[in-house]
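Reviewing the structure listed below.
The values are calculated or read from the model by the stated rules, or taken from the named source; none is laboratory data. All of these numbers come straight from a predicted model, not from anything done at the bench. Here Cβ is always computed from backbone atoms with ideal geometry, including for glycine, and neighbour counts include all displayed protein chains.
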Amino acid sequence: MDFSPEYELRILPEIRCGNQQAYQSLFHYYYERLYHYALTFTSDQSKAEDIVQEVFLKVWTKRESFHPNGSLKAYLYRMTYNEFINGYRKEKRYHEELDAFKFQALTPLLEESEETWQLKLNKLKEAIDKLPPRCREIFLLHKQEGIPQKEIAKKLDISVKTVENQVGKAVSILKNKLTSKVMTLLMLVRKPFK
């Protein structure tokens, strides 16, 4: 089926009235096209899927006021682009807030003497060295190397759930052995264990 301008004019009022079959035909025709378009902005397939799903969710939930100016195709592509931009801004704002939190939490630690700082790093390293071998390996891959849990699972041929459990176990063990300031150091600093 081709979405000619004439067909668009017929289908839009049906979608606005809640005709699910009309909506589904729109979805089936444009989903793949919009997905590949979203991939041009992000190489993350999951994000591209989320973007397109959000576009179609908005089309359905706001169907009564859905009045594209001009071509339906151009409108859907513009919605997809705008959804990507909105997500990018939210993610950027989240990372900025996280960085501000990290800076605020690290400031007292950074004001300590080099000797105190090194002592805390040594305590942290000793506690990590005492973790069970497999738990330590997974924890260091995740925390020190920054490898996502999914990739660790694939690399070690184990389930993602096992990786999550081992990282959680490591954090729990370390919480029981370390002071809150040393734990803050663990949570905020990447690659402190060399």
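Considering each of 83, 32 in turn, give the residue that is surrounded by 15 or more Cβ atoms within 10 Å (Cβ to Cβ), more than 21 Å from residue 13 (Cα to Cα) and of a type in the set (D, E, K, R).
83
Identify, by number, the condition in (1) surrounded by fewer than 16 Cβ atoms within 10 Å (Cβ to Cβ); (2) touching a Lys or Arg at 6+ places or on another chain (Cβ under 9 Å); (3) outside any helix (DSSP H, G or I) that residue 42 doesn't meet.
Result: residue 42 fails condition (2) only.
Tell me, which residue of the range 41-73 that is of a type in the set (Gly, Ala, Ser) and either over 14 Å from residue 30 (Cβ atoms) or at pLDDT 85 or above (or both) is farthest from the chain's Cα centre (by Cα)?
70
Quick check: anything in the range 88-108 more than 30 Å from residue 179 (Cα to Cα), at pLDDT 85 or above and over 29 Å from the mean Cα position of the chain (by Cα)?
For the range 88-108, residues more than 30 Å from residue 179 (Cα to Cα), at pLDDT 85 or above and over 29 Å from the mean Cα position of the chain (by Cα): absent.
Checking the structure you have, find out if any residue of the range 11-27 is among the polar types (S, T, N, Q), outside any helix (DSSP H, G or I) and within 19 Å of residue 65 (Cα to Cα).
Checking the range 11-27: at least one residue is among the polar types (S, T, N, Q), outside any helix (DSSP H, G or I) and within 19 Å of residue 65 (Cα to Cα).
Within the range 155-170, is even one residue modelled with pLDDT of 90 or more and on the phi > 0 side of the Ramachandran plot?
Taking every residue of the range 155-170 in turn, at least one turns out to be modelled with pLDDT of 90 or more and on the phi > 0 side of the Ramachandran plot.
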